[in-house]
1. Multiply the residue gap between R89 and D136 by 0.36 nm, knock off their C-alpha separation, and tell me the result in nm, one decimal place.
2. Place the peptides 130-137, 66-73 in order of packing, highest mean first, counting for every residue the other Cβ atoms within 10 Å and averaging per peptide.
3. Above 27 Å lies some portion of the pair distances; for the range 66-212, what is it as a whole percent of all C-alpha pairs?
4. Which ³J(HN,Hα) values, rounded to whole Hz and listed in residue order, are derived for the range 147-162 from phi using the Karplus coefficients 6.51, -1.76 and 1.60 in 6.51 cos²θ - 1.76 cosθ + 1.60 with θ = phi - 60°, glycine and proline given as x?
5. Quick one: Cα centre-to-centre distance for the range 104-134 and the range 191-205, in angstrom?
6. Pull up all non-local amide H partners of V99: gap of 5 or more, or a different chain, and H-to-H distance under 5 Å with H placed in the peptide plane.
7. Under 5 Å between amide hydrogens, which residues at least 5 positions from I21 or on another chain qualify, with H placed 1.01 Å from N in the peptide plane?
8. Between the range 31-61 and the range 136-182, what's the alpha-carbon centroid distance in Å?
Amino acid sequence: MSAGGGQGGGRRGVRRAVLGIAGSPGAGKSTLAERLVRELNAGGEPWVAHVPMDGFHLADVELDRLGRRDRKGAPDTFDAAGYAALLRRLREEAYGETVYAPGFERVLEQPLAGAVPVPPAARLVVTEGNYLLLEDGAWPRVRALLDEVWFCELAEPERLRRLVARHERFGKSPEQAHAWAHGPDGRNAGVVAATRHRADLVVAGEALDGRGDPDDRGAGHPGAGHRSA
């Protein structure tokens, strides 16, 4: 995968590269994405942008209408076709104007329109989410727009510990956090784990600096509410 180097953004006729990072909830996808963006952007004009998939969560009002709110985070609770449309735009309309992607506000547990700017100078987009390698529904359209997909995995006890702690930080009681991490999130983790063999590279979450989940820094950290599951 090549984005043509780190400088000289703004040239027309050269499409962006898009790197996907998949993995189960709490495995460290956001940590890996943010580390890549930070290190690649160090010492010069930022040329790498981070676009999480979580901005394509369906709003709670729509999940209620569809009867899916009790399993929020499952593959069919995202707008996968909309996500694919954004990725296509990011690839094909590079270097013209700023593209605004939706974010996800964890305090509200709701998508947030126009929260993630991708400037014209961005030549590489790092996007992360659970279902980048899924073969059902509209998800294959997503995979077709990614130059590579890396799979981030973490030992199950540590992944669950981080996931429960995250749910507690954003308002769930310890009992609710445990139930959600082992219930809906657990089922989703099984779906994601079954896609591991399709990845171009597997990254061990234990190898990352820090404790793995950027939300461990708390809701007060700039941007902490826009992290992937």
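FYI, it's all coordinate maths here, none of it is from the lab. These figures come from a predicted structure and were not determined experimentally. Cβ sites come from the backbone with ideal geometry, for glycine too, and all protein chains shown count toward neighbours.
1. Value of the extension gain: 14.7 nm.
2. Working: 130-137: 19.8, 66-73: 14.0.
Most protected by this proxy first, the peptides run 130-137, 66-73.
3. Summing the P(r) of the range 66-212 above 27 Å gives 28 percent of all pairs.
4. Each residue's phi maps through the Karplus curve to give 5, 9, 10, 9, 10, 9, 10, 8, 3, 4, x, 6, 4, 5, 4, 5 Hz.
5. Between the Cα centres of the range 104-134 and the range 191-205 lies a distance of 20 Å.
6. Distant-sequence amide H within range of V99: V118.
7. T127, E128, G129, W150
8. Result: 16 Å between the Cα centres.
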